[in-house]
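In what follows, a structure is listed as structure tokens, so that the remarks can point back to it.
The values are calculated or read from the model by the stated rules, or taken from the named source; none is laboratory data. Keep in mind the model is a prediction, meaning the values are calculated, not measured. Cβ placement follows ideal geometry from the backbone for every residue including glycine, while neighbour counts extend to all protein chains displayed. Ligands, DNA and RNA are stripped out before the accessible areas are found, and what is left, the full protein with its side chains, is counted by its heavy atoms. Shrake-Rupley method; radii C 1.70, N 1.55, O 1.52, S 1.80 Å.
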Amino acid sequence: MLRMRTIKEAAAELRAMDEKTAITEYAIRQLVLSGEVPSFKAGKKYLVNMDALLQYFEAAQSVPPQPIEHKIQRIPVRVRW
């Protein structure tokens with residue numbers, strides 16, 4: 001059986017699992033809108049599969065962080081005479 005929740009309910013359920021979670025409704029909404037987490041629209045609301053959402057965050061833990069490349073760019077200077 002699919003455990004479908006609205007974005008608000010999904011955030012509340014995650015908060016119930018971990019009181020100090022940093023995952024917000026906004027973060028879940030962005031994942032839904034980008035298509036990274038499967039969902040479907042019912043009227044005005046998006047319904048999120050809780051199992052898929054939890055699986056997404058579990059998979060994110062196992063991916064090693066990518067190093068950040070710092071590129072210094074020279075800013076062109078315009079001199080008016």
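Observations
- Scanning segment 8-48 for residues that are more than 14 Å from the chain's Cα centre (by Cα) and not basic (Lys, Arg) yields 9, 12, 13, 16, 17, 18, 19, 40, 42, 43, 46, 47.
- Considering residues of segment 26-81 that are within 26 Å of residue 1 (Cα to Cα) and part of a loop (DSSP other than H, G, I, E, B) only, the residue most open to solvent (accessible area, probe 1.4 Å): 44
- Contacts under 7 angstrom Cβ, first residue in segment 70-81 being on the phi > 0 side of the Ramachandran plot and of a type outside the set (Val, Ile, Thr), partner open to solvent by 100 Å² or more (accessible area, probe 1.4 Å) and at pLDDT below 70, 6 or more apart: none
- Count of segment 2-11 residues which are open to solvent by 40 Å² or more (accessible area, probe 1.4 Å) and within 11 Å of residue 50 (Cβ to Cβ): 5
- Taken over segment 12-25, the residue count meeting the criterion of being surrounded by 15 or more Cβ atoms within 10 Å (Cβ to Cβ) and not charged (D, E, K, R) is 2.
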